[in-house]
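Engineer: Got a structure for you, written out below as structure tokens; questions coming shortly.
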Amino acid sequence: MLKKCFLLLCLFPLLLQAQQNTEYPNDYLSPAFHAGRRAAVREMMPKHSVALFFASQVRNRNNDVDFVYAQNKNFYYLTGLEEPNSLLLIFKEPVTILDKTGTEFLFVQPRNPAREMWTGKILGVDGVKETCKIENVFTHDKFNYATIDMSKVDSVMTTFYTEGILQKYYGRGGVDPLSRMAQVVDSAMTLQKKPNASRTITNIIRGLRAVKQPEEIAILEKVVAMSVQGHNEVMKATKPNMTEYQAQAIMEYMFKKNGSEFVGYPSINGSGENTCILHYESNQRLMKDGDLLLSDCAAEYHGYSADVTRTIPVNGKFSPEQKIIYELVLMAQDSAFLQCKSGNASNEPHKAALRVITEGLKKLGIITSDAEVRNYFPHGTSHGLGLDVHDPNPPKLEPGAVFTVEPGIYIPPGSKCDQKWWNIGVRIEDDILITATGYKNLSAGSPRTVAEIEKMAKQKSIFK
Ligand SMILES: [Mn+2]
């Protein structure tokens, strides 16, 4: 009986994650969500304007191998469609295109059974109508800018794709049918003389993406939970003479095991001197007794990324110097959390963290002036989090804002301070949701304090 209870307790963390019990995942953003986002964009568009949103192109990796396809996040936000060679047009006022009158038109790649046998199903017009619940869908070969009545359209807007970038992404005279479409759009954009029109649509969509809807928060909670499981397993499994890439493997195994499609960004698993390299990605070093391991790793799920960092002692116990620096970063993070409330400017958490770290480093004699703090804490404390790992954040925090709080201190070898501090790099990063009453730390399931981390390091890993 006791044994059975123990087993159940062990399984409990795994059961926290909803188990998939349908043939394919069915917890994607709903067509109603995407329709609502398109309506919100249109609502904010200036009179007599049209906004163009392009799907990402497939990108070649080597020879005949392409990169895993990654949809343009704005296009995904507005459609949910994960296919290349597609274009969404949103008009402020209704227009008629190909005998259909409306404000939304989607041009997609046509079905191609021979190609689909090799690279997978293409939805085609009927499939897109059914899946995305968008009414006016055509194959992209039907797109002809000249057939659109532009007499009432004063501005043409597109996000990120300036004229030059369009050419870079789509090419000229390529075999891809979209190249022709890209040329048409390109020429349409050069025709319009309104200055800053594209900045307008970029600002509109950034403003919308900065405040998450309930469906987005539900996915973010799942992807952060997957990421927490990875960090906790690494805490349990890490020991001297393991490599950084083995820590990475354990981390990413846990993401994938729980349904994550990708990592949100290349995993950073830096030990020893590599803890002081902010975006260290090669993860090749053999970890030694007495080192710290800084893991900045997170999963991606249904397009949304988490962003979590934990710093742990490789042998399971912080040295006195490591503990001092760690607890200073922790104190900075705690003081930043206190600024996570609706109505605050979104840089208030950073200001609080910077103050604590500046005073702390001065007290330790590591710096003598305030300006020197940037040598050891060179980055900001917060960025928005969502479809992009660096997502828009609203200028003023409000319910639905999701962002990171990630202070850090990095003391590389050769720094102008006592040698005992060298090779100590610490970052603690959590994912915060602003609520009506305060904030919720979505990644609170992963230990942050010295005592909690040292306790978890003693637990048995599924990899031991
Ligand atoms: Mn981050």
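The values are calculated or read from the model by the stated rules, or taken from the named source; none is laboratory data. This is a predicted model, so every value here is computed, not measured. Because the Cβ atoms are built from the backbone with ideal geometry, glycine has one as well, and the counts that use them run over all protein chains shown. With ligands, DNA and RNA removed, areas are computed over all heavy atoms of the protein, side chains included. Shrake-Rupley method; radii C 1.70, N 1.55, O 1.52, S 1.80 Å.
Engineer: Suppose we filter PRO447, PRO413, PRO407 for residues that are within 15 Å of the ligand (Cβ to nearest atom) and closer than 30 Å to ASP289 by Cβ; which single one remains?
Structural biologist: PRO407
Engineer: Which of the residues that make up segment 381-401 are out of contact with any Lys or Arg (no Cβ under 7 Å at 6 or more places or on another chain) and within 11 Å of the ligand (Cβ to nearest atom)?
Structural biologist: Hits for segment 381-401 are THR381, SER382, HIS383, GLY384, LEU385, VAL389, HIS390.
Engineer: From the list ASP99, ASP64, ASP126, pick out the single residue that is of a type in the set (Asp, Glu), surrounded by fewer than 12 Cβ atoms within 10 Å (Cβ to Cβ) and within 28 Å of SER155 (Cβ to Cβ).
Structural biologist: From the options ASP99, ASP64, ASP126, the qualifying one is ASP99.
Engineer: Applying the selection to segment 81-96, what residues are open to solvent by 10 Å² or more (accessible area, probe 1.4 Å) and closer than 17 Å to ALA51 by Cβ?
Structural biologist: LYS92, GLU93, PRO94, VAL95
Engineer: Here is a list of conditions, (1) within 16 Å of the ligand (Cβ to nearest atom); (2) of a type outside the set (Asp, Glu); (3) modelled with pLDDT of 95 or more, and LYS362 meets all of them except one; can you say which number that is?
Structural biologist: So LYS362 meets the others, but not (1).
Engineer: Now, a different point. Please enumerate the residues belonging to segment 53-79 that are more than 20 Å from PRO392 (Cβ to Cβ) and in contact with a helix residue (DSSP H, G or I) (Cβ under 7 Å, 6 or more places away or on another chain).
Structural biologist: ALA55, GLN57
Engineer: Given the options ASN269, ASN241, name the one that is on the phi > 0 side of the Ramachandran plot and polar (S, T, N, Q).
Structural biologist: ASN241
Engineer: Mind listing just one residue for me: the one in segment 429-442 that is among the β-branched types (Val, Ile, Thr) and surrounded by fewer than 22 Cβ atoms within 10 Å (Cβ to Cβ) and, of those, farthest from the ligand (Cβ to nearest atom)?
Structural biologist: So the residue we want is THR437.
Engineer: When both residues are 6+ apart or on different chains and their Cβ atoms are under 6 Å apart, which pairs have a first residue that lies in segment 34-51 and is open to solvent by 50 Å² or more (accessible area, probe 1.4 Å), and a second that is acidic (Asp, Glu) and outside any helix (DSSP H, G or I)?
Structural biologist: HIS48/ASP154
Engineer: Next up: Could you check how many residues of segment 66-92 are in a strand (DSSP E or B) and touching a His at 6+ places or on another chain (Cβ under 7 Å)?
Structural biologist: The total comes to 2.
Engineer: Is there any pair with a first residue in segment 402-413 that is more than 14 Å from THR309 (Cα to Cα) and a second that is away from the ligand (no atom under 14 Å from the Cβ) and among the charged types (D, E, K, R) whose Cβ atoms are under 6 Å apart and which are 6 or more apart or on different chains, and what are they?
Structural biologist: VAL402/LYS212; PRO413/GLU273
Engineer: Tally up the residues in segment 267-319 that are open to solvent by less than 30 Å² (accessible area, probe 1.4 Å) and of a type in the set (Lys, Arg), please.
Structural biologist: Qualifying residue count for the region: 1.
Here is a yes/no grid of residues against (1) within 16 Å of the ligand (Cβ to nearest atom); (2) in contact with a strand residue (DSSP E or B) (Cβ under 9 Å, 6 or more places away or on another chain); (3) within 15 Å of GLN229 (Cα to Cα); (4) without any contact (Cβ under 8 Å) to a residue 12 or more places away in the chain:
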residue: ASN274; (1), (2), (3), (4): no, yes, no, no
residue: LEU278; (1), (2), (3), (4): yes, yes, no, no
residue: GLN284; (1), (2), (3), (4): no, yes, no, no
residue: LEU293; (1), (2), (3), (4): no, yes, no, no
residue: ALA299; (1), (2), (3), (4): yes, yes, yes, no
residue: GLY303; (1), (2), (3), (4): no, no, no, no
residue: ASP307; (1), (2), (3), (4): yes, yes, yes, no
residue: GLY316; (1), (2), (3), (4): no, no, no, no
residue: SER319; (1), (2), (3), (4): no, yes, no, no
